[in-house]
Amino acid sequence: MWLALIVAFVLPKSNHDRRALLIIAPLVIVNLLYLLLKNISGMSSSVVQQYDMLFQSISISITVMGLIAHKLGNRNHFLTFLRALALMAVICLVGEISYFGLNFSQQTFETLIMSIMSALVILLGFVLAGWRCRIRYSSLRFMLYLAFWTIVVCLVSMFVLFFSMCIIQKITVSISSVLIMIPIVSLILGACLYVIVFPFMILAFYSPFFRERFYACLRLKSMPTTAAQSDTNLSSEQ
């Protein structure tokens, strides 16, 4: 996974700019938050590796996305979405192999599915937040919609994934327990994904270098192209 990040820095000539190194800051921040959470929660060693793989796959894939978003964007919206999802899925697969090797067990396969589903949730959250901000945009408005849609998409995805697994494995479950468990799990997962994305979005809002990449993917006509315009819109929204 770290090799994928190095390639994203080296191959595109547009990243041969010291401003590109700014994206390391949010990556470091989310890693420190994850280490803190891991130490506080006291996760058992049997699940730590799975959570490490899930977290690193998502955080590094978002970092790579930030570095090459301008290469993925400026095309048909649907094609941009598919290319972004394919990229994140490949990085998740690389993460799975780097942590567990080629000997896939049911448990590691489920972790891979969860990481790809998390990538899908993040991307759909961006698409839907962008759709709601296509006419009226501000950084605050976008982040609020991003939080809302991340939770909603996560909830729907968890229901679909859970019932699909139950059908495939022929598992009988209590509907009442599912209706209680899945919303709680979805809320926790959605909140975690939003926290991971948040520092990267701050960088996209206030760094012209990364704002161009953000705009290249979403192409919101109402989105300001300068930091001054962004601050003005934020103030008016508040």
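The values are calculated or read from the model by the stated rules, or taken from the named source; none is laboratory data. What you see is a predicted model, and the numbers here were worked out from it, not measured in a lab. FYI the Cβ positions are ideal-geometry reconstructions off the backbone, even for glycines, and counts take in every protein chain you see.
Considering only residues that are β-branched (Val, Ile, Thr) and modelled with pLDDT under 95, look in region 117-155 and name the one that is nearest to ILE188 (Cα to Cα).
Of all residues in region 117-155, those β-branched (Val, Ile, Thr) come to 121-122, 127, 135, 150-153.
After this cut, where a residue has to be modelled with pLDDT under 95 as well, the list is 127, 135.
Values: VAL127: 21, ILE135: 31 Å.
Here the residue is VAL127.
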**OP:** Sort out which residues of region 163-191 are over 17 Å from the mean Cα position of the chain (by Cα) and buried (at least 17 other Cβ atoms within 10 Å of the Cβ), and write them in order of number.
**Re:** ILE182
Original post:
If HIS70 passes every condition in (1) over 23 Å from PHE205 (Cα atoms); (2) assigned to a helix (DSSP H, G or I); (3) modelled with pLDDT under 85 but one, which one does it miss?
Top reply: (1)
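For region 124-134, indicate whether the set of residues that are closer than 14 Å to CYS192 by Cα and hydrophobic (A, V, I, L, M, F, W, C) is non-empty. It would help to see each step written out before you state the result.
Of the residues in region 124-134, the ones closer than 14 Å to CYS192 by Cα are 125.
Remaining after also requiring hydrophobic (A, V, I, L, M, F, W, C): none.
No, region 124-134 has no match at all.
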**OP:** Taking only region 22-40 into account, find how many residues are exposed (fewer than 14 other Cβ atoms within 10 Å of the Cβ) and at pLDDT below 95.
**Re:** 4
